[in-house]
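**Student:** After the structure tokens below, expect a handful of questions from me.
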Amino acid sequence: MLLRSHFKIEAPLLFILVFMFCCLLTMNLQPVGAAEKHPPDVGDKAQEFKLNKLDGKTINLSQYTKKGPVVLMVLRGYPGYQCPICNRQVGQYIAAAAKIKKANTTVLMVYPGPADKLKTRAEEFITGKTLPENFHLLIDPGYSFTEAWGLRWNAPQETAYPSTFVVDRNQKIRFAKISKTHGDRAPVKDILNVLTDL
């Protein structure tokens, strides 16, 4: 009788504890200091970065924003293949190179991926393309830039969310387009419209 009475008291408490435990399991808890990175948005100050070009030279964002606006294009890199949509997007921007140059603008294209063979994959990507003098392909081995900017697409056979930004001379973001799919890229005409106002 005492055991039965004791069980009646403890059962609701046990149920509450199990319920709370299940709720905690479903929450997206993160350790202190590990807040999720959010991609930059229009009006934000663009975070400085240093990345290497294919010739090994290190560049940073500010050395180009001092000269004029920067179009920052984050590609998918090498998710196991060369992305045909990235190829098409880069081709469209190259086709508009004269108009982009007239706006005194530099185009920085970031090619992210695992460090192993990333430079080789990036070289494959630009094979057959003639990059104008104000276009630079940068590699992001190990996703250091991609993670810092909150653009890591952390899923099987994914690398980064394809994104395009326009950064002005004050390193302020004036345009931001982040795609959560392989397509839906920023059209060149939208970028040229923004550059006209800078």
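The values are calculated or read from the model by the stated rules, or taken from the named source; none is laboratory data. Just so it is clear, the structure is predicted and the values come from calculations on it, not from any experiment. Cβ: placed from backbone, ideal geometry, glycine included. Neighbour counts: every protein chain shown. Each accessible area value is taken on the protein alone, full model and side chains, heavy atoms only, with ligands, DNA and RNA left out. Shrake-Rupley method; radii C 1.70, N 1.55, O 1.52, S 1.80 Å.
**Student:** Distance in nm between label sites at residue 62 and residue 95, each 7 Å beyond Cα in the beta-carbon direction?
**Tutor:** 3.8
**Student:** Net charge within 9 Å of residue 146 by Cβ-Cβ distance, Lys/Arg positive one each and Asp/Glu negative one each, not counting residue 146 itself?
**Tutor:** Net charge around residue 146: -1.
**Student:** Counting other Cβ atoms within 10 Å, keep those with at most 16, restrict to DSSP loop, and tell me which GluC sites (Glu not before Pro) in the range 49-150 are left.
**Tutor:** 133
**Student:** For the range 52-166, what % of the accessible area comes from carbon and sulfur atoms, probe 1.4 Å?
**Tutor:** Its accessible area is 51 percent carbon and sulfur atoms.
**Student:** Quick one: if you stick a label point 7 Å off each Cα along the C-beta vector at residue 116 and residue 148, how many nm between them?
**Tutor:** Each label point lies 7 Å from its Cα, and together they span 2.5 nm.
**Student:** Another one. Using a Förster distance of 25 angstrom, determine the FRET efficiency expected from the C-beta separation of residue 133 and residue 158, and round it to 0.05.
**Tutor:** The pair residue 133/residue 158 has a calculated efficiency of 0.20.
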